[in-house]
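Encoded as structure tokens, the structure appears first; notes follow it.
The values are calculated or read from the model by the stated rules, or taken from the named source; none is laboratory data. Not measured: the values here are computed from a predicted model. For neighbour counting, all protein chains shown are included, and Cβ atoms are generated from backbone atoms with ideal geometry for every residue, glycine included.
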Amino acid sequence: MNEKINIELRSFRFILEKNKSYIFPIIVIVASVLLFFQFVIPQFNLLLKTQAEVKDLRSKTEMLKENLSIVSIIDDDTLNSQYKTMISALPLSKDFIGILNSINATAQKAGVSLGSFSFKIGNLSSSENGDIFPVVKFTIPVNAGITGSNSFIQMISKTFPLAQVDSILVNNNSSIISLGFYYKLLNIASVSQYIRVSPVSQNGLELIGQMKEFEAASSFPISSVPIVNASASATQ
Amino acid sequence: MSTDINLLLRTNEESLKRKKRIKILNFAAIASLICIGLVSLIIFILIQTANPTAIKKEQEDVLGKISQFQDRQSKLFILNNRIENINKILKTRKDLSKTMNELLAKMPSNLSINNFEINNASIIIAGQSKSLYTIAEFINNLTDMVYRKEIIKSLTLNSLVLDAGSKTYQVSVKSDL
């Protein structure tokens, strides 16, 4: 038995001795391959990650620089005035004072009188962020015929907050007008330092101009608003 | 017995082949080691040159400057958001007053409107007149509007009655918008 082992050992030594010159380069090649997988590939991945991070940082920095150059030259008074106008046109929440003001100012300008009306406030804490525009719905009885009602809806579509007339029912000298006042919530979390801002476009400026005209048409001192028989009902 | 076998030559050939193989193997080993070393060195240098620290610092500087205008930035963002949304509203909202005006323009002057109902989908008009010609003119005008695809898509005559007491013709029509 021991003799057999000795023979095998001798054979192994013989083979080793004969191929000694191959062993070292093969070990080096295997080590290189191992190094490639263990070291070079992770390092390469790290390089790609770093380059992506640098690219991201660079684009963000460029964006911030552009934002800085835009906001640093804006006139505060102009911006505040434009902001106020557009927020009144499409409020960030249900603007009941604005709505009541608009209804009464329109009725006065159209020369019609209003009956008792009610509206649904809805859930005040709801956060609607869909693409559709939420509205506060009103059904208003107007003591006027077709001409007075037409005048009323023409005017209310050019006042603040923006409204859409859904239906009109005229019966001799009284009418019932259903309309909704738009508002649009804004996710405040989306307003961060890293958002891209752009100056107001020419179309935007034209729209602001149009809204300024609407604003002038809907101006109505709140202190002189006649008390209307309005009742509000909260749901949910 | 063969005496011309050259054993020495064969041994030399094999030895040469072996030496060549070893030479190639040694060369491959050294080349792979150098390649790995070079690639590692290049990657290391590239990582060092792509160091984001400088850009981070620059970004912090810009952020520091922009924080003074945070209020303006937010207002400008909201302003642009409102412009975009108001544009959408103005493009999509239905103008019932325009529809009403165009329909009223087609009403004969002798026709008095008793009932007028309009919504986003349909319109119902009920009126009366002492003259049947006025009623006919009214229906013809609306029929023309349907043919010309102006505002209304269809026209249905709901009723046409003669009120013998007041001697007036009463008409009611319905149209889809």
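For the reader, a short list of remarks on this structure follows.
- When each of B:Leu90, B:Leu41 is tested for being part of a helix (DSSP H, G or I), hydrophobic (A, V, I, L, M, F, W, C) and loosely packed, with under 11 Cβ neighbours inside 10 Å, the lone residue that passes is B:Leu41.
This table checks each residue for (1) assigned to a helix (DSSP H, G or I); (2) within 25 Å of the chain's Cα centre (by Cα); (3) at pLDDT below 90; (4) in the same structural domain as A:Ser151 (by TED's automatic domain parsing).
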| residue | (1), (2), (3), (4) |
| --- | --- |
| A:Leu16 | yes, no, yes, no |
| A:Val40 | yes, no, no, no |
| A:Gln43 | yes, no, no, no |
| A:Val54 | yes, no, no, no |
| A:Thr61 | yes, yes, no, no |
| A:Thr106 | yes, no, yes, yes |
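- B:Asn115 being facing another protein chain (nearest Cβ under 10 Å), among the polar types (S, T, N, Q), under 46 Å from the mean Cα position of the chain (by Cα) and more than 30 Å from A:Leu186 (Cα to Cα): yes
- For the criterion of being among the acidic types (Asp, Glu), within 14 Å of chain A (Cβ to nearest Cβ) and surrounded by fewer than 15 Cβ atoms within 10 Å (Cβ to Cβ), B:Asp95 passes.
- Taken over region B:118-135, the criterion of being away from every other protein chain (no Cβ under 11 Å) and under 19 Å from A:Asn150 (Cβ atoms) is satisfied by no residue.
Table: residues versus (1) farther than 19 Å from A:Asn172 by Cα; (2) part of a helix (DSSP H, G or I); (3) modelled with pLDDT of 85 or more.
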site: B:Phe116; (1), (2), (3): no, no, yes
site: B:Ile123; (1), (2), (3): no, no, yes
site: B:Ala126; (1), (2), (3): no, no, yes
site: B:Phe138; (1), (2), (3): no, yes, yes
site: B:Met145; (1), (2), (3): yes, yes, yes
site: B:Leu157; (1), (2), (3): yes, no, yes
site: B:Val161; (1), (2), (3): no, no, yes
site: B:Val171; (1), (2), (3): no, no, yes
site: B:Lys174; (1), (2), (3): no, no, yes
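- Region B:34-63, subset more than 7 Å from chain A (Cβ to nearest Cβ) and at pLDDT below 90, residue nearest to A:Ile74 (Cα to Cα): B:Ala54
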